[in-house]
Amino acid sequence: MALTLGVFGNKAKGLASLQGHGFKTLPFTSVCADDDLPNANPEEIAKAVLDEIGESDFYAVRSSSITEDTEESAAAGQFKTLLGITKESIADAINVVAASLPELSPDNEPHGVVIQPLIYSVNSTSGVMFTHEERWMVNYAPGLCNYVVQGFEVAQRGFHPSGETWMDQGSDLRQGQLFDSTSGQIVTKEFESNKWTPILERALLRLYRKVRQHYSKPMDVEWTFVEGKLYVLQIRPVTVDWLPQLWLFDNSNLAESYTGTVSPMTASVARRLYKYVYEDLLAHSGVPKQTIRRHQSVFDNLVKDFNGRMYYVMNHWYSMMFFLPGYERNKENLERMITAEIRQQIFLPESMRPSAWLKFAYYPLMLWKVLCFPWTKNRFNRVVQKDFNALGRTDFSKRSTSELQTLWNHCERRWLRRWYVTVESDTVLMTFLGWAEKKYSPEELQGFLSVETPSVKQLRDFKALAHEVIQDVLLRKALIAVDESAFYNQLQQNRELHERWTTYFSIFGGRFPNELKLESPSPMDDFGALSNAIQEIASSPLLSGGPHTDQKLPWGIKQLQRYIKQREAFRLLRSTGFGWLRRILLQGGINAAQSGHIQEPDDIFYLKIEEWFAGDIAQWKDLIVERKAKYAKHADDRYPRSFATTPSGEAPPYIPGTATGEMVEGQCVFPGVVRGRLLVMDEYRPGPWPDFDILVAKHTDPGWSMLISKAKGLVVEQGGLLSHASIVTRELGIPCIIGAPNATAQLKDGGEAVLDAASGTLKPIL
């Protein structure tokens, strides 16, 4: 019979891959294990093999199953490996190894048996390299690699991609194995040294870099070093995470946008949006698209939810900053922008480092983008507003699910993929803020940061509207009775008021508490909430403005104020945009409920955006039931603001504070002294609210503005000088401190306290 030689099984495929990428390997061939090897002529087998790999004193005959060296399983040691085989014994050795391989079904790819020359020099060092994007490690011993892979205690060294050592242990271990050519046996012996040399270290560093260049995943590489030459014996994917990566989680100002528990739909859309925004941002900042694609996992995991609680994955935010020149400054701006609690250095791979071209071109490019930003902003606003106007003319009830999905894709292409412009604006803003914080005192800065923004205009307009509505006896009666039909019928009788009402909600209708949570009903969906809001707001006086200065301002401060206004304008656009996305999804839920694929329209929010597009509707009901049960189970869970765990790990338990009656300290946003009753909220609660003077919150979003406007003072645990609460209270002249850790836990709802914002303190009155 004819002997079939070629590349059979995964070990042979790995060796062929290595040769194809130019790695130094030993000659090899493989025999098809499906051949009738026991009945083949041994001399013919030996001749055919030796014609392929050449003459040697001894050979290694190794299994090459299709079930070993896979991404799921290495299957190490499950099949035969024979060392020290003479050419006369090659046929017998092949039969023994082939007999150890599992049987296959007729459709499966055949197993193989690999034959290679055996290196058995007394001067050899062998081992296994485990690669990772961030680090690499070798287990090694003098002599044969067989000793290392059998699991004996051996020396270990770990390195960063630069070659810098991060681990060195067991360097005094000198035991290994050799092949004794006289006896034909593998012997274990104590060597004079472990044979680690600077030459070997440099050779392994070159090997690591070459492996990382050609293989996009962690790899397990067997090697041997003989007479100054490094040979790769085998390569396979790493099946067990040898370097459990700790991700750093921080929800800081993210909790301002995604308070409490968010639905699977909201979490998946947030993850998708962050990915789009920052991929596009870096691509428009000069980072090559192939670099972005190579590090796709960075952008796929900028945010993550734990049982519905949203967190930044800080590792990936730091990595993303590393793509650009000026990492330390970028990192500082990032931490300031998101008011990160976790601020630490992480290892960043060399493959992320910006190229020499980008280092040269980046700053001129950024200057050009700043100069062109007014034009960029206006173009962005035109595109987005045009789409919003078109959506306003759309009858969603007449759209099929496929048409709604097409509409969603249109929104993604048209404005979500342009949303990076808002981050560019924030980046410039943080640069000016960093400059101002270094140049001016906190007191001077407070005055400079007080600017009229869309958020404050919203409050003024709504208060004025609420006061006018409540003065109409019939409208007030409808509000008290929560009679939506009577309210709108009466509103249409007052032409001017109706026009102002329509204008207000066309601009600010998407702004409400938890506005970025797609499952949250808007005021237009919930007349009861709207009725409460109008009555609450009408019970407090019209707003007066905060302090403004007429003095001539430095150019840098003018730019700072300009970008603060722009930031709030973009936030308003975001609120409106998410309102339209919610409308699309809710109609999708209505369609699915009508066709019987889900129970209720709101059940759509228990799916992920990818699942909605995939259309595996047969699974939806069961999946939704499962997720509802999970979310109900974790509804009252609490998680720390920041923590570290593995990507698949869980958040550590939250340790709640208790009302200690101790003084709370934070950073002054706007000075003033307020004495009065506390309203303590760790999450937003719709009105009616009890009488209060000082609002204490864990975090706020733009939808809290109505409640904030009723307060005489404000204390917020999380946030920075440019958080929404800071901007609103500064403009309205409400004493406020931010960055007051555990304030909601330490203070008792309904208690009394004195807020001295200038000194950054809130003292309970016992």
Once phi for every residue in segment 139-147 is put through the Karplus expression 6.51 cos²θ - 1.76 cosθ + 1.60 (θ = phi - 60°), the whole-Hz ³J(HN,Hα) values, with Gly and Pro written as x, are 9, 8, 7, x, x, 6, 5, 3, 5
Rounded FRET efficiency, nearest 0.05, which uses the C-beta distance separating ASP483 from GLU328 and R0 of 51 Å: 0.25
What is the Cα convex hull volume of segment 278-425 when expressed per residue in Å³? 150
7 Å from Cα along Cα→Cβ at both GLN471 and ASN494: what's the point-to-point distance in nm? 0.8
Please give the net charge around HIS410, taking every other residue with its beta carbon less than 13 angstrom from that of HIS410, where Lys and Arg add +1 and Asp and Glu add -1. +3
Name the long-range amide H neighbours of PHE670: under 5 Å, sequence gap of 5 or more, or other chain; modelled H, no Pro or chain starts. CYS736
So what's Rg/Rh here for the chain, counting alpha carbon atoms and using the Kirkwood radius for Rh? 1.09
Specify the angular offset, from 0 to 90 degrees and rounded to the nearest 10, of the alpha carbon long axis of helix 555-594 from the longest principal axis of the alpha carbons in the chain. 80
Using the charge dipole of segment 125-237 (Lys, Arg: +1 at Cβ; Asp, Glu: -1 at Cβ; taken about the Cα centre), state which of VAL149, HIS214, TRP136 has its Cα farthest towards the positive end. HIS214
Between ALA593 and ASP387, with labels modelled 7 Å along Cα→Cβ, what's the label distance in nm to one decimal, could you check? 2.7
Once the Cβ-Cβ distance between GLU192 and ALA283 is put in as r, and R0 is 51 Å, what FRET efficiency do you end up with, to the nearest 0.05? 0.35
For LYS630 and ARG174, FRET efficiency with R0 = 60 Å and r from the beta-carbon atoms, rounded to 0.05? 0.65
For the chain, take the longest principal axis of its alpha carbons; what is the angle in degrees between that and the long axis of helix 9-20, to the nearest 10 within 0 to 90? 80
How large is the charge dipole for segment 664-765, taken about the Cα centre, if only the Cβ atoms of Lys, Arg (+1) and Asp, Glu (-1) carry charge, to the nearest 20 debye? 160
Spherically averaged projected area in nm², based on the convex hull that wraps the Cα atoms of segment 125-237: 7.0
Once the dipole of the chain is set up with Lys and Arg at +1 and Asp and Glu at -1 on Cβ about the Cα centre, which of GLY720, MET430, LEU553 lies farthest towards its positive end? LEU553
Show me 640-646, 627-633, 316-322 ranked by packing, highest mean number of other Cβ atoms within 10 Å first. 316-322, 640-646, 627-633
Identify the trypsin sites (Lys or Arg not before Pro) of segment 1-76 meeting these criteria: DSSP loop state and at most 14 other C-beta atoms within 10 Å of the C-beta. LYS24
Under a Cβ-only charge scheme (Lys and Arg +1, Asp and Glu -1), can you give me the dipole magnitude of the chain about the Cα centre, in debye to the nearest 20? 3340
Can you give me the angle between helix 198-214 and the longest principal axis of the chain, using Cα atoms only, in degrees from 0 to 90, rounded to the nearest 10? 60
How many percent of the alpha carbon pairs in segment 5-117 exceed a separation of 16 Å? 56
About its Cα centre, how strong a charge dipole does segment 454-538 have in debye, to the nearest 20, once Lys and Arg get +1 and Asp and Glu get -1 at the Cβ? 280
Report the one residue of LEU233, THR259, GLN175 whose Cα lies farthest in the direction of the positive end of the charge dipole of segment 168-266 (charges on C-beta: Lys and Arg +1, Asp and Glu -1; origin at the Cα centre). LEU233
Tell me, what ³J(HN,Hα) does each residue in segment 431-445 have, in order and in whole Hz, if you take phi through Karplus 6.51 cos²θ - 1.76 cosθ + 1.60 with θ = phi - 60° and put x for Gly and Pro? 5, 5, 5, x, 5, 5, 5, 7, 8, 10, 6, x, 5, 5, 5
Arrange VAL716, VAL269, VAL482 by Cβ neighbour counts within 10 Å, fewest through most, would you? VAL482, VAL269, VAL716
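Every number in this text was worked out from the coordinates using simple rules, so none of it is lab data. What you are looking at is a predicted structure, and each value in this text was computed from that prediction instead of being measured. With ideal geometry, Cβ positions are generated from the backbone for all residues, glycine too; neighbour counts draw on all protein chains shown.
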